Amino acid sequence: MSVASSPQHPSSGEPSPAASPAPGSRPAPLSESAVVAALRAAGCVFAEDEARLLMAAAASPGPPDGGLEALVARRVAGLPLEQVVGWAEFCGLRIALEPGVFVPRRRTEFLATRALELAPPRPVAVDLCCGSGAVAAVLAARLDLAELHAADVDPAAVRCARRNVPPPGAVHEGDLFAALPARLRGTVGVLCANVPYVPSGDIALLPQEARVHEPLVALDGGGDGLRVLRRVTAGAAGWLAPGGVLLIETGEHQVAAAVEAFARGGLDTRVEECAELGATVVAGVRAR
């Protein structure tokens, strides 16, 4: 998985040491050109754009820990830009992020958009494997919801999602459906699950930003990448209301196996694709 909404992944390294200030003097603040040079030396293709974002973050009220020099050093060391500045843009919303939390990908905007289009009127909505809560935040912003629930097994993600999912939406910590209130069984109108779908053998091929700085539980989908997807599809029908829809993002090469898993779960299935975002979503509806 690449972070489609951010510049390309830099290689690890440290920024070039600046000249030591004279005794008793304060070091001069980094100029934009110096930030650009440090980022470009680290391999950031869009160094100018990143420099402007880092400088804006450093100048904002309540900036991330440390000044501009610290932010640049973190980016040069390989942290995802979104984790460094503390937010990511997703479907026009600013999603708060923390170090160690999965960065929402631009391709996943297609999942959120299709959920908006396929949701029944005033649904109970659920976002499983919610990460930062980006999809849930979009559902809350764009739909008239009866209820909203999000869940993730990673405590850091849950903490972050609680910053992004507005009340009365609830964010639960736990493993898939086990995290949800039992009273929701049979009531969910739209169920989104951005499950991990990278095959275990491909984790080592991921860019450093994902491989080192995002939780493995948010990336590793097992041998063929569909281990978590199969668990979700196996249990979804019991949670969906009649006519309710399950939407899961997956890889293009995994579609046939994913559709089979949806069918085994008793769902009427179709495949949705967006060439512009390079996104594939499988949607399954519980029969009425």
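No lab work stands behind these numbers, since they all come straight from the coordinates. Everything numeric here is computed off the predicted structure, so don't read it as measured data. Neighbour counts are summed over all protein chains in view; Cβ atoms, including those assigned to glycine, are modelled from backbone coordinates with ideal geometry.
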Check your understanding: Is the chain best put as rounded, prolate or oblate by its Cα gyration tensor, with a ≥ b ≥ c the root eigenvalues, rounded for a/c under 1.5, and otherwise prolate when a/b is larger than b/c, oblate when not?
Key -> prolate
Check your understanding: By how many degrees, 0 to 90 and rounded to 10, does the Cα axis of helix 108-118 deviate from the longest principal axis of the chain?
Key -> 30 degrees
Review point. Summing Lys, Arg as +1 and Asp, Glu as -1, what charge do residues with Cβ under 11 Å from the Cβ of Phe110 carry, Phe110 excluded?
Key: -2
Exercise for review: Could you sort 102-111, 29-38, 120-129, 222-231 so that the peptide with the highest average Cβ count within 10 Å comes first and the rest follow in order?
Suggested key: 102-111, 120-129, 222-231, 29-38
